[in-house]
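Participant: Dumping the structure here so I can ask a few things about it.
The values are calculated or read from the model by the stated rules, or taken from the named source; none is laboratory data. No experiment lies behind these values; they were computed from the predicted model shown. Cβ sites come from the backbone with ideal geometry, for glycine too, and all protein chains shown count toward neighbours. Side chains included, ligands, DNA and RNA excluded: accessible areas come from the protein's heavy atoms. Shrake-Rupley method; radii C 1.70, N 1.55, O 1.52, S 1.80 Å.
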Amino acid sequence: MALGEVPPGWKATWVPVPVRPSVAGMRRAVFDALGLPGRFPHTSALADAAVARALAEARVLVVDEAQRLPAPCLEYFQSLWDHPSTRITLVLCGAGSERALARLPQLASRVVAWQEVPCLTGAEVASVVTGFHPLWRTVPAPELTWIDQSCAHGTLRTWAAVTAHLQNALLTTSDASVDRALLRRLFKRVAPPL
C-alpha cells in the first residue's frame with residue numbers, strides 16, 4: 001500500500017531484517033538488497049560509502065519486521081536518511097514498529113505518516129490471497145473463504161503462515177493435496193487452540 005504512489009524515477013528496495021538484527025547485519029542486508037557489485041567491503045566505512053553512493057539515486061527502502069530492530073539498527077537507518085548525499089524514503093513495516101521507533105525519538109519525530117493495514121474483508125480474501133501466492137490460485141474461492149473463516153480471519157500474516165506450512169507439506173509429502181484434513185492440521189501449527 002505504501003508503495004502504491006512511489007514517485008516516478010524512484011526505485012523501491014525491500015530490506016530484510018536478519019533474525020538477530022545488529023548494525024553489522026543491517027549494513028550487510030542493505031548492501032545485498034541494493035544489489036551492489038563486488039564483495040561486501042571488509043570495513044564498515046567502505047560499506048557505508050558504497051551504500052551512500054547507491055542511495056544518491058532516489059530510492060524507497062522498505063524494511064519489514066521493523067519492530068524487531070534495536071535502537072542501534074534504527075540509528076543506522078537514520079544515518080542513511082541523514083547522509084547529505086542520499087535521497088531515500090524509509091518505510092518501516094511491522095506490527096509494533098511504533099514502539100520500536102519510540103526508543104529513538106529523533107527518528108520518530110520524522111515520521112510523515114502512520115498507516116495501519118486493516119484485516120481483509122471476506123470479499124477481499126480471494127483476490128488478495130491469489131495475488132499474494134500462486135498456490136492459492138488453484139484453490140476454489142469457497143475453500144479460500146472457509147480457510148479465512150476457520151483460521152486466518154482476514155489477517156495477511158496468518159495467510160502467510162498457512163501458505164508456508166502448506167507449501168512445505170506439499171513439497172515434503174508425495175501424496176499430499178490441498179484438502180480440509182491437511183488444512184485443519186496446519187491450522188493447529190499456525191494458531192493452536194487455546
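Participant: Given the whole protein assembly as supplied and a 1.4 Å probe, what does the accessible area of Arg185 come to in Å², nearest 10?
Facilitator: The value for Arg185 is about 140 Å².
Participant: Excluding Thr163 itself, what net charge comes from residues whose Cβ is under 13 Å from its Cβ, given Lys and Arg +1 and Asp and Glu -1?
Facilitator: Result for the neighbourhood of Thr163: +2.
Participant: If ligands, DNA and RNA are left out, what is the accessible area of Trp10 with a 1.4 Å probe, given in Å² to the nearest 10?
Facilitator: Number for this one is 70 Å².
Participant: While we're looking at this one, here's another question. Please list, in chain and number order, the residues 5+ apart from Ala12 or on another chain whose amide H is under 5 Å from its amide H, with Hs placed from the backbone.
Facilitator: Val60
Participant: Quick one: with all protein chains in place, what share of the accessible area of the chain is carbon or sulfur, to the nearest percent (1.4 Å probe)?
Facilitator: Summing carbon and sulfur atoms, their accessible area is 57 percent of the total for the chain.
Participant: Related question: Which net charge results for the neighbourhood of Arg185, defined as the other residues with beta-carbon distances under 15 angstrom from its beta-carbon, given Lys and Arg at +1 and Asp and Glu at -1? Write out the running numbers ahead of the final one.
Facilitator: On the way: positive: Arg180, Arg184, Lys188, Arg189; negative: Asp175, Asp179.
Around Arg185, the surrounding residues sum to +2.
Participant: Match the structure shown to one of the listed values [x] 9, 30, 25, 19, 11, 5, 1, 0; [y] 8, 33, 36, 19, 4, 0; [z] 8, 29, 27, 23, 12, 1 of P(r) over Cα pairs in 10 Å bins from 0, in percent, computed from it, and give that label.
Facilitator: Correct label is [z].
Participant: Choose one of Thr138, Leu74, Val23: the residue whose Cα lies farthest towards the positive end of the charge dipole of the range 1-140 (beta-carbon charges +1 Lys, Arg; -1 Asp, Glu; about the Cα centre).
Facilitator: Val23
Participant: Quick one: Cα centre-to-centre distance for the range 152-194 and the range 82-147, in angstrom?
Facilitator: For the range 152-194 versus the range 82-147, the Cα centre distance is 21 Å.
Participant: Under a 1.4 angstrom probe, counting protein chains only, how are His83, His42, His153 ranked by accessible area, largest first?
Facilitator: Of His83, His42, His153, the descending order of accessible area is His42, His153, His83.
Participant: Let me ask something else. Can you tell me the dipole magnitude for the range 1-78 around its Cα centre, using point charges on the Cβ only (Lys, Arg +1; Asp, Glu -1), in Debye to the nearest 20?
Facilitator: Values: 8 positive and 7 negative charges, 50 e Å.
Result for the range 1-78 is approximately 240 debye, rounded to the nearest 20.
Participant: A further question on this structure: With only Lys, Arg, Asp and Glu charged, each at its Cβ (+1 for the first two, -1 for the last two), find how big the charge dipole of the chain is about the Cα centre; round to the nearest 20 debye. Could you put the intermediate results ahead of the total?
Facilitator: Working: 19 positive and 15 negative charges, 93 e Å.
Using Cβ point charges on Lys, Arg, Asp and Glu, the chain gives about 440 debye.
Participant: Hey, what angle do you get for helix 23-33 against the long axis of the chain, alpha-carbon based, 0 to 90 degrees rounded to 10?
Facilitator: Its long axis makes an angle of about 70 degrees.
Participant: Then there is this: Take Phe187, Phe77 and sort them by solvent-accessible surface of the protein heavy atoms, 1.4 Å probe, largest at the top.
Facilitator: Details: Phe187 20, Phe77 0 Å².
So the residues, ranked largest to smallest area, are Phe187, Phe77.
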